[in-house]
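Okay, so here's the structure we're looking at.
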Amino acid sequence: MLASLQNGICSARLDLATYQQNFADAHPPLNAIQAKIEAERCYYCFAAPCQTACPTGIDIPSFIARIAQDNPRGAAAKILEENILGGMCARVCPTEVLCEQACVRNTNEDKPVEIGLLQRFATDSFFSKPKPPLFKRTTDTGKKIAVVGSGPAGLSCAHRLACLGHQVTVFEAKPKLGGLNEYGLAAYKTPNKFAQQEIEWLLSIGGITVQTNTRLGKDVFFQDIVQNFDAVFLGLGLAGVNALGIHEPESVGLRNAVEFIADLRQAEDLSQLPVGRKVVVIGGGMTAIDAAVQSRKLGAEEVTIVYRRGQESMSASEYEQAWAKNNGVKIRHWAAPLELHTANGQLTGIRFAYTQLVDGRLTQLPESFQLEADMVLRAIGQTFDSSHSVEGLAMQGGKILTDAHGKTSLAKVWAGGDCRYGGKDLTVEGVQHGKLAAIDIDRVLRTA
Amino acid sequence: MADLSSNFLGIKSPNPFWLASAPPTDKEVNVMRALEAGWGGVVWKTVGEDPPVVNVHGPRYAALLGQDRRVIGFNNIELISDRPLKANLEEMARVKKRFPDRAIIASIMVPCTEQAWKNILPQVEDTGCDGIELNFGCPHGMSERGMGSAVGQVPEYIQMVTEWCKQYSRLPIIVKLTPNITDIRMPARAAKAGGADAVSLINTINSIMSVDLEKMAIYPNTDGAGSHGGYCGYAVKPIALNMVAEIARDPETAGLPISGIGGITTWRDAAEFLTLGAGTVQVCTAAMVYGFKIIEDLCDGLSSFMDSKGYQSIDQLVGKAVPTVKNWNQLNLNYVEKAVINQDLCIKCGRCHIVCEDTSHQAIFATKNGERHFEINEAECVGCNLCVSICPVPNCITMRALQVGELDQRTGHTISGTYANWTTHPNNPGASCS
């Protein structure tokens with residue numbers, strides 16, 4: 001029997017060449033000629049709407065003009081001065097709902113300037129020849145700052161603080177730095193170990209000490225850190241995963257989508273990664289899309305995303321939804337999980353109740369349907385992990401409450417990224433949080 | 001269907017598009033291909049005395065390019081024909097025989113002696129060609145030897161040589177003018193005084209295309225050194241249009257037939273030259289960029305335009321817009337325009353605002369009720385047309401003429417509808433009447 005038709009969860013469903021093809025760069029970079037022509041399409045708008053739409057406020061018209069003028073290093077400088085992870089953001093930003101959605105070319109011709117691809121061109125050009133360094137540290141301030149968590153927010157904060165002359169220590173629970181840049185995101189968005197290359201470059205600024213495998217609440221403790229450092233930045237992310245809210249029997253095949261994605265990102269050999277023949281992903285966000293598409297690309301025959309509300313409520317952009325559909329993923333709306341079916345400890349299927357809005361409230365209907373599934377991935381949102389034991393912090397909606405600069409209710413403590421209340425859970429937003437917090441920390445420490 | 005046929009100095013051609021004297025008309029093989037493609041005529045690559053000149057073996061051409069490598073401007077350092085006179089003349093004769101309905105013009109450049117011209121003219125005439133163009137235009141290489149633009153820059157020489165040519169040839173004489181002068185009317189008047197049947201212009205403009213910043217040397221260069229070239233192509237069209245119009249409206253040369261040259265790339269460019277007084281047009285760069293086939297598109301475009309406007313023949317277009325070209329002091333200072341932004345077309349790029357704000361008259365609002373919105377402030381707008389010029393959306397910003405009786409919010413004056421120009425303006429110390 002063909003490996004691809006094997007029921008249950010197994011690896012090596014595809015041949016090696018197909019894995020390679022499936023997980024190659026999903027959106028190949030522009031070559032120099034394409035970049036120049038595309039750059040020329042930019043109108044160099046006044047108070048450019050794309051710049052306003054960019055959470056990190058990159059001066060997009062300027063960086064594009066620099067590409068057009070054969071100055072990719074200058075273009076990269078313009079990007080990186082506002083967004084130190086501009087290389088990763090060029091790959092993973094949902095530009096279709098950010099800068100490119102704001103592009104005035106949409107009005108005229110329904111085709112925005114390819115800002116994301118141009119940003120990738122500029123940053124790739126720079127990283128291929130990153131000398132001399134773009135950033136230098138100013139005079140050492142003698143201040144010590146702890147950054148807890150090394151996702152986009154933590155890295156961005158650490159780099160800006162280091163630039164401003166502070167001594168930074170980064171604590172990271174996982175063996176590698178990067179947070180979701182390393183353990184989340186679809187592999188085909190950032191192939192060739194780009195996340196680690198970018199981090200290595202970021203750390204080359206100096207002044208940043210790294211402690212991996214160091215988990216807050218287990219290996220180090222909040223009170224100690226607050227006591228031992230002049231300031232603390234919490235970029236803890238959301239390590240908890242929401243449960244389905246139904247009985248979840250102990251069974252092979254029921255997994256968190258984030259863990260499935262993390263395994264995929266860390267796999268040296270994709271053919272060793274097991275995946276079901278029939279996969280159901282529950283959720284409506286980017287994690288659901290990434291998990292579903294990657295299941296398909298690992299060789300799952302049928303992959304279905306099931307979302308409890310309508311298409312318009314999905315937090316994954318329309319572009320991402322189309323991407324999933326183009327990759328053979330089926331998306332079903334208006335259904336909520338009701339019951340998981342297992343046989344001999346192995347998942348076999350899942351029953352969903354139809355849902356609809358009744359008086360504005362999502363309501364389960366008596367009618368239901370069943371999907372065969374040997375793998376069900378939970379992707380219905382992450383939560384702040386209380387085991388970090390960050391006592392004393394004001395919280396809201398289960399996340400850390402801060403002011404616009406990221407300052408928490410506690411003296412000396414700032415927070416940013418997905419763990420901060422009121423955000424959109426975007427990489428680029430984490431970068432902005434980290435940057436703004438660093439600027440605020442610096443201001444406070446210098447005026448103290 | 002409009003009749004595109006042309007009769008210029010009695011020289012007939014099926015359309016007014018001639019290939020200019022330049023590399024595309026250097027040899028029989030090229031010219032045959034051009035005429036087969038449908039060009040109305042050719043001005044053969046300039047011939048000179050034997051022994052023929054020698055060209056550099058390094059690069060002759062370079063281009064000013066847009067980002068997508070569209071050619072905007074072009075320059076060359078090629079000399080006149082580097083082949084023996086006899087070879088050129090034999091080929092010319094064969095071509096004329098094969099295409100009797102096309103205009104075949106010989107371009108000549110020999111030293112400024114009566115004998116030189118007296119020698120060459122009968123030989124050229126023997127080819128059966130329809131006319132002679134005197135190359136007083138090339139600004140590179142040949143000018144160092146006292147020919148080309150070196151002649152074209154001295155009106156007395158133009159007149160002298162033209163007189164010789166009229167004396168020693170029965171063919172129509174077209175004097176090709178260089179733009180590398182201060183006032184194009186002077187050489188044109190000299191040509192007319194010498195008896196020229198027509199002028200053609202413009203030849204190329206002195207130019208250095210660029211500098212290779214890696215090698216710290218001008219580009220293009222031959223073995224590390226370069227020389228200025230002659231600039232042509234689309235970018236020179238406005239310069240050429242002005243010079244053509246200047247000659248067409250100069251009372252001393254008005255009515256002198258003109259063959260218009262300079263950056264003609266589309267039918268529209270050609271039509272513009274015709275309306276400013278050109279009887280035929282000559283094309284080179286566009287052919288060197290796209291090949292000869294473009295003649296089909298040039299003819300078709302011109303023909304469609306003429307049909308749509310009811311013009312039946314080329315004659316009806318020639319000079320049509322010349323009366324609108326005036327000296328500045330004749331412009332109506334009582335006429336007022338204001339820019340208008342069509343909000344349905346506006347894509348809100350805001351460029352009109354920032355250029356008006358930074359470099360003009362602070363006359364475009366950037367917001368309305370706190371929203372991004374671009375609108376003209378008529379109290380500041382001087383009607384300069386900058387916003388119209390830089391707006392990326394066609395017809396989004398237009399100019400509106402204030403009507404008689406309407407208040408100009410900027411000046412506080414009501415539009416009177418009377419004509420008044422600078423010659424009568426109170427601010428003019430030399431105002432001729434009060």
**Item:** B:HIS140, A:HIS341, B:HIS361, reordered so the largest accessible area comes first (probe 1.4 Å)
**Value:** B:HIS361, A:HIS341, B:HIS140
**Prompt:** What angle, in degrees between 0 and 90 and rounded to the nearest 10, separates the Cα long axis of helix B:237-249 from the longest principal axis of the Cα atoms of chain B?
**Reply:** 80
**Fill in**
Listed by chain and number, the lysines with an alpha carbon less than 20 angstrom from that of A:LYS278, same-chain partners under 8 positions apart left out, are A:LYS297, A:LYS325, A:LYS330
**Fill in**
Counting only protein heavy atoms and leaving out ligands, DNA and RNA, the solvent-accessible surface of B:SER416 at a 1.4 Å probe, in Å² to the nearest 10, equals 60
**Item:** Hz values of 3J(HN,Hα) by residue in region A:81-94 - Karplus curve (6.51, -1.76, 1.60), Gly and Pro given as x
**Value:** 5, 9, 9, 5, 9, x, x, 5, 4, 4, 8, 10, 4, x
**Asked** Taking chain A, how much of its Cα-Cα pair set, in percent, is spaced more than 42 angstrom apart?
**Response** 17
**Request:** Measure off 7 Å from each Cα along the Cα-to-Cβ vector at A:HIS27 and B:GLN409, then give the distance between these two points in nanometres to one decimal.
**Result:** 4.3
**Message:** Tell me the angle of helix A:257-266 to the major Cα principal axis of chain A, expressed in degrees between 0 and 90 and rounded to the nearest ten.
**Reply:** 60
**Probe 1.4 Å - accessible area at A:TYR354, Å² to nearest ten** = 80
**Complete:** Checked region A:241-381 with the C-alpha gyration tensor, a ≥ b ≥ c its square-rooted eigenvalues, rounded below a/c of 1.5, otherwise prolate if a/b is larger than b/c and oblate if not; verdict oblate
**Item:** Interface size A-B, as summed buried accessible area [1.4 Å probe, Å², nearest 100]
**Value:** 1100
**Message:** Within region A:144-173, list the residues whose amide N lies under 13 Å from a label point set 7 Å along Cα→Cβ of A:THR209.
**Reply:** A:144-147, A:167-171
**Message:** Solvent-accessible area of B:LYS368, probe 1.4 Å, all protein chains present, reported in Å² to the nearest ten, please.
**Reply:** 100
**Fill in**
B:VAL336 neighbourhood, Cβ < 15 Å, K/R = +1, D/E = -1, net charge -2
**Message:** Principal axis extents for the protein assembly as shown, Cα atoms only, whole Å, descending order, please.
**Reply:** 111, 77, 60
**Prompt:** Expressed as a fraction of 2.2 N^0.38 Å, the rule-of-thumb size for a compact globular protein of N residues, what is the C-alpha radius of gyration of region A:77-143?
**Reply:** 1.43
**Request:** Compute the signed sum of charges (Lys and Arg +1, Asp and Glu -1) over the other residues within less than 14 Å, Cβ to Cβ, of A:LYS144.
**Result:** -2
**Fill in**
Looks like region B:69-171, by Cα gyration tensor root eigenvalues a ≥ b ≥ c and the a/c under 1.5 rounded cutoff (else prolate when a/b is bigger than b/c, oblate otherwise), is oblate
**Complete:** Under the Karplus relation with 6.51, -1.76 and 1.60 and θ = phi - 60°, whole-Hz ³J(HN,Hα) for region A:184-195, x at Gly and Pro, equal x, 6, 6, 4, 6, 8, 9, x, 6, 6, 5, 4
**Request:** Show which lysines lie in cross-link reach of B:LYS86 when reach means a straight Cα distance below 29 angstrom and same-chain residues fewer than eight apart are skipped.
**Result:** B:LYS12, B:LYS27, B:LYS45, B:LYS96, B:LYS97, B:LYS118, B:LYS166, B:LYS176
**Alpha-carbon Rg with Dmax, taken over region B:141-247, Å** = 16.3, 54
**Asked** Hey, got the average number of other protein chain Cβ atoms within 10 angstrom for residues in B:342-354?
**Response** 4
**Fill in**
Inter-part gap, Cα centre of region B:8-70 to Cα centre of region A:231-294, in whole angstrom, is 69
**Item:** 10 Å Cβ neighbours from other chains, averaged over peptide A:100-107
**Value:** 3
**Prompt:** Taking 0.36 nm per residue of separation and subtracting the Cα-Cα distance, what length does fully extending B:THR423 through B:GLN115 add?
**Reply:** 105.8 nm
**Request:** Can you tell me how much longer the chain between A:SER368 and A:GLN272 gets when fully stretched, taken as 0.36 nm per residue apart minus their C-alpha distance, in nm with one decimal?
**Result:** 31.0 nm
**Cα convex hull of region A:32-128 - mean projected area over all directions, nm²** = 5.3
**Asked** Given N residues in region B:238-379, what is Rg(Cα) / (2.2 N^0.38 Å)?
**Response** 1.42
**Item:** Net length gained if the chain between B:GLU90 and B:ASP223 were fully extended (0.36 nm per residue, minus Cα distance)
**Value:** 44.3 nm
**Complete:** Phi-derived 3J(HN,Hα) across region A:421-432 with the Karplus relation (6.51, -1.76, 1.60, θ = phi - 60°), rounded Hz, x for Gly and Pro, is 5, x, x, 10, 6, 10, 3, 5, 6, x, 4, 5
**Message:** What aspartates and glutamates does A:LYS435 reach when the alpha-carbon gap must be under 18 Å and sequence neighbours fewer than 8 apart in one chain are set aside?
**Reply:** A:ASP59, A:GLU81, A:GLU82, A:GLU198, A:ASP230, A:ASP403, A:ASP418, A:ASP425
**Prompt:** Ignoring ligands, DNA and RNA, what percent of the 1.4 Å accessible area of the protein assembly as shown is carbon and sulfur?
**Reply:** 50
**Message:** Using only the alpha carbons of chain B, what is the convex hull's orientation-averaged projected area in square nanometres?
**Reply:** 25.7
**Request:** Shielding by partners for A:38-49, please: the mean number of other protein chain Cβ atoms within 10 Å of each residue's Cβ.
**Result:** 5
**Asked** Quick one: accessible area per residue over the protein assembly as shown, 1.4 Å probe, rounded to a whole number of Å²?
**Response** 44
**Fill in**
In whole angstrom, the spacing between the Cα centers of region A:162-229 and region A:43-66 equals 29
**Message:** Suppose accessible area is computed on protein heavy atoms with a 1.4 Å probe; arrange A:TRP334, A:TRP323, A:TRP414, B:TRP328 from highest to lowest.
**Reply:** B:TRP328, A:TRP334, A:TRP323, A:TRP414
**Request:** Just order A:421-434, B:41-54 by mean Cβ neighbour count inside 10 Å, highest at the front, would you?
**Result:** A:421-434, B:41-54
**Prompt:** Taking the Cβ-Cβ separation of B:ALA321 and A:ASP70 as r and a Förster radius of 45 Å, what is the calculated FRET efficiency to the nearest 0.05?
**Reply:** 0.65
**Asked** Could you work out the helix-only [θ] at 222 nm for the protein assembly as shown, with each DSSP H run of four or more residues adding -39,500 (n - 2.57) and the total divided by the number of residues, to the nearest 500 deg cm²/dmol?
**Response** -9000 deg cm²/dmol
**Probe 1.4 Å, all protein chains present, accessible-area order of B:SER308, A:SER313, largest first** = B:SER308, A:SER313
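The values are calculated or read from the model by the stated rules, or taken from the named source; none is laboratory data. All figures in this text were calculated on a predicted structure; none of them were measured in a lab. For neighbour counting, all protein chains shown are included, and Cβ atoms are generated from backbone atoms with ideal geometry for every residue, glycine included. When the accessible area is computed, the model is the full protein with side chains, heavy atoms only, and any ligands, DNA or RNA have been set aside. Shrake-Rupley method; radii C 1.70, N 1.55, O 1.52, S 1.80 Å.
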